[in-house]
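The values are calculated or read from the model by the stated rules, or taken from the named source; none is laboratory data. Keep in mind the model is a prediction, meaning the values are calculated, not measured. Don't worry about glycine lacking a Cβ; one is built from the backbone with ideal geometry, like all the others, and counts go over all protein chains shown. The protein model used for the area step is the full one, side chains on, heavy atoms only, and it has no ligands, DNA or RNA in it. Shrake-Rupley method; radii C 1.70, N 1.55, O 1.52, S 1.80 Å.
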Amino acid sequence: ELVETAKSDGQTTLAITDFNNLFATVKFYSACRKAGIKPIIGCEIALKNLNANFDAPKIILLVKNHQGYLNLCRVLTLLWTQSANNAQSAVEWEVVAQHREGLILLSGGLQGPIGQAIKAGNLEKAQEWAKTFAAVFQNHFYLEVQRAGRTDDEAHNAAVLELASQWQWPVVATHPVQFLRAEDHEAHEARVCIAEGYVLGDARRPRVFTPESYFKTQAEMAELFADIPEALANSVEIARRCNVELEMGKSKLPLFPTPEGVGLDAYLLQKAKEGLAARL
């Protein structure tokens, strides 16, 4: 439905970033190609948090090319295999930095480390994170600005634009899409309540999403960020830079190395027995 909506609005590129996974990539990629839309593959990644006062900060990684796709897959593999608690998996920033080739980094908006620092009133820490990102990703790093009807949006945007102006870092307008149409908000809230164990009428329940979290048209985004035209232009620039093609319909099985003289089946059996013994 999202792809069809984008097509009917005349949009030529589309990005969806799931959280800590690429599970929807094949379905998304195929639907976009069928509709004549250029798919941008990416992922929202949780970074291991050193500050216990905040949730794990999140960044966005977008795939530029085939090497970037392989690197993002590697980052996700390490995220899920090296986390002590898979229910709250996160990855070290150093892992992302080591696998930066072929990837574009977005700051993560309010939920990113820069956004969390701004919200806490620690502009020095926000600048420190931005400098770290820029040093590693260089001209592949963008600061996000968003206007999704949240109380913190404008304070965050003002601080981000100040950083961008001071250090000549590019900004990009993004939107946290949670549902397709504005009228879907109540249904989405009901789904969130079911997942979180609340009832809709509970005044104390957290309200993370707003009625503005719907899929906006090009015209709506242009109006929303009319005062920051470069943020809109950079969304087009990012789309131009992201070019990756996936080969569909062919199985890609790894050539797994085995000790000399040992067949694949025998080696698998040997490793399975060793693993079972270790677990028992």
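A few comments on the model shown:
- Residue satisfying condition, being modelled with pLDDT of 95 or more and under 16 Å from the mean Cα position of the chain (by Cα), within set 91, 75: 75
- Boolean, residue 196 is at negative phi, open to solvent by 40 Å² or more (accessible area, probe 1.4 Å) and modelled with pLDDT of 95 or more: no
- If you filter segment 170-187 down to residues that are touching a strand residue (DSSP E or B) at 6+ places or on another chain (Cβ under 6 Å) and surrounded by fewer than 19 Cβ atoms within 10 Å (Cβ to Cβ), you find that the one that is nearest to residue 106 (Cα to Cα) is 170.
- Residue count for segment 15-50, restricted to those that are in contact with an Asp or Glu (Cβ under 7 Å, 6 or more places away or on another chain), crowded, with 17+ Cβ neighbours inside 10 Å and over 18 Å from residue 91 (Cβ atoms): 0.
- Selection count where residues are open to solvent by 60 Å² or more (accessible area, probe 1.4 Å) and touching a helix residue (DSSP H, G or I) at 6+ places or on another chain (Cβ under 8 Å), scope segment 231-241: 0
- Subset of segment 24-57 [part of a loop (DSSP other than H, G, I, E, B) and either closer than 30 Å to residue 117 by Cα or modelled with pLDDT under 95 (or both)]: 24, 48, 49, 50, 51, 52, 53, 54, 55, 56, 57
- Check on residue 244, at pLDDT below 95 and either surrounded by 13 or more Cβ atoms within 10 Å (Cβ to Cβ) or out of contact with any Gly (no Cβ under 9 Å at 6 or more places or on another chain) (or both): yes
One line per residue, one yes/no per condition, for (1) open to solvent by less than 100 Å² (accessible area, probe 1.4 Å); (2) within 27 Å of residue 31 (Cβ to Cβ):
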residue	(1), (2)
201	yes, no
218	yes, yes
229	yes, no
250	no, yes
265	no, no
280	no, no
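- Any chance residue 190 is under 24 Å from residue 2 (Cβ atoms), surrounded by 10 or more Cβ atoms within 10 Å (Cβ to Cβ) and without any contact (Cβ under 8 Å) to a residue 24 or more places away in the chain: yes
- Yes/no for residue 160 being open to solvent by less than 30 Å² (accessible area, probe 1.4 Å), of a type in the set (Val, Ile, Thr) and not in a helix (DSSP H, G or I): no
- Every test in (1) open to solvent by 40 Å² or more (accessible area, probe 1.4 Å); (2) under 30 Å from residue 3 (Cα atoms) is passed by residue 210 save one, and that test is (1).
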